[in-house]
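See structure below.
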Amino acid sequence: MTELPGDAVPSRAVLDAFGVEGVPVPLPGGQGRSVLVGGAVFKPAEGSDDEVEWASALFESLAPDSGFRVPLPLRAADGRSVVGGWTASEFLTGEPGPSGHWAGVLAAGRAFHAALGAVPRPSFLSRATHPWAVGDRVAWGEQDVDVIDDLAAPFSVLRELRRPVRQDGAQLVHGDLAGNVLFAEGEAPAVIDFSPFWRPPVFAEAVVVVDGLLWFDLPPGLLTGGGTPDWQQMLIRALIFRLVAQSELTGPSAPARPGERERYARAVDAVVRAGDPAGPAVTVRDRRLLRPGR
């Protein structure tokens, strides 16, 4: 396992290994750990060296002009993708979505997933234990967890609403697209900060919509899914995914941030009210669970 670097910026030795010169400048996003140096983005490696190498080789293999851009990885002079716990890639300009770019985020995700359709499932996905991996497995009924007390009520409702669905077409997808697509005039959208999961691409779209319900001003029309089969069930799973990950990040002995329970309750209520003409109806037997303050 790659040891995360202790320094906030890459050392001179790391920059020299990648052949980059310049003064590190912190970048927004990336959990506050990405820096720009001489036209390259440096960020702490996530996962093992083998996982980072897999992601680097994948991005290097993607054909250009496929409806999206990706930041090409930089390699050290000796071919390594990780040096001193740091990775590097080219810096792509653009305005981050999703606000004002909802259709563009979804279109970029579809193009990106089409390009990944034939990529085999990497074995490390089944070994992942980070909060989002736990949330993903719980969402699809592959693992059980207890969530923090503040989120227990909406979690209970979501589990009540979940119905079996088929996973036809499961493939490699980006599980965190909403804030990770950049838009620049005259350029294809740039897909960054790849978060790999093995699910149907429609689930990745549902995560985008759920993120809009939770943290952005989602256009109401996106809740319907355009008649996509099992769309409401995908939204329910996406909400479980985000809720469980939030609980895992918070920790068993800490309370949720103020308003977090109500945030998820409102999102659950919106999904229930939106309905799903293409799938079975879902109802909440005890709607009091959705009321704040209970």
- Item | Residue satisfying all of: in the range 11-36; aliphatic (A, V, I, L, M) and under 25 Å from the mean Cα position of the chain (by Cα); modelled with the lowest pLDDT among these | Leu27
- Pairs only if they're at least six apart or on different chains, beta carbon under 6 angstrom, first in the range 251-279 and of a type in the set (D, E, K, R), second modelled with pLDDT of 90 or more and open to solvent by 30 Å² or more (accessible area, probe 1.4 Å); list them, first residue then second. Arg261/Asp150
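Residues are listed down the side, and each one gets a yes or a no for (1) modelled with pLDDT of 95 or more; (2) open to solvent by less than 40 Å² (accessible area, probe 1.4 Å):
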{"position": "Pro220", "(1), (2)": "no, no"}
{"position": "Arg237", "(1), (2)": "yes, yes"}
{"position": "Pro255", "(1), (2)": "no, no"}
{"position": "Gly279", "(1), (2)": "no, yes"}
- Item | Which numbered condition Gly226 fails, given (1) free of Cβ contacts under 8 Å to residues at least 12 places away in the same chain; (2) part of a loop (DSSP other than H, G, I, E, B) | (2)
- Query: What about Glu21, is it open to solvent by 30 Å² or more (accessible area, probe 1.4 Å) and either over 15 Å from Asp193 (Cβ atoms) or assigned to a helix (DSSP H, G or I) (or both)?
  - Reply: yes
- Which is out of contact with any strand residue (DSSP E or B) (no Cβ under 7 Å at 6 or more places or on another chain) and small (Gly, Ala, Ser), of Gly179, Gly169? Gly169
- Could you pull out the residue among Ala206, Ala190 that is over 28 Å from Thr250 (Cα atoms) and either polar (S, T, N, Q) or touching a Leu at 6+ places or on another chain (Cβ under 7 Å) (or both)? Ala190
- Query: Among Val157, Val244, Val207, Val173, which is the only one that is assigned to a helix (DSSP H, G or I), within 25 Å of Ser56 (Cβ to Cβ) and touching a helix residue (DSSP H, G or I) at 6+ places or on another chain (Cβ under 8 Å)?
  - Reply: Val207
- Task: Please specify each residue of the range 128-187 satisfying the condition of being touching a residue at least 40 places away in the same chain (Cβ under 8 Å) and on the phi > 0 side of the Ramachandran plot.
- Result: none
- Query: Which ones in the range 85-100 are open to solvent by 30 Å² or more (accessible area, probe 1.4 Å) and part of a loop (DSSP other than H, G, I, E, B)?
  - Reply: Phe91, Thr93, Gly94, Ser99, Gly100
- Query: Only one residue in Ala152, Ala114 is within 20 Å of the chain's Cα centre (by Cα) and of a type outside the set (D, E, K, R), so which one is that?
  - Reply: Ala114
- Task: Return the residue satisfying two criteria in turn: it lies in the range 105-154 and is of a type in the set (D, E, K, R) and assigned to a helix (DSSP H, G or I), and of such residues it is nearest to Ser253 (Cα to Cα).
- Result: Asp149
- Sole miss for Leu36 among (1) within 30 Å of Val209 (Cβ to Cβ); (2) part of a strand (DSSP E or B) is condition (1)
- Unique match (being at pLDDT 95 or above and either open to solvent by 70 Å² or more (accessible area, probe 1.4 Å) or not charged (D, E, K, R) (or both)) among Ala8, Ala63, Ala45, Ala103: Ala103
- Message: Within the range 178-189, does at least one residue satisfy the condition of being in a helix (DSSP H, G or I) and modelled with pLDDT of 95 or more?
- Response: no
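The values are calculated or read from the model by the stated rules, or taken from the named source; none is laboratory data. Keep in mind that this is a model prediction, so the values were computed, not measured. Every residue, glycine as well, gets a Cβ built from its backbone with ideal geometry; the counts of neighbours run over all protein chains shown. The area values use the complete protein model at the heavy-atom level, side chains included, leaving out ligands, DNA and RNA. Shrake-Rupley method; radii C 1.70, N 1.55, O 1.52, S 1.80 Å.
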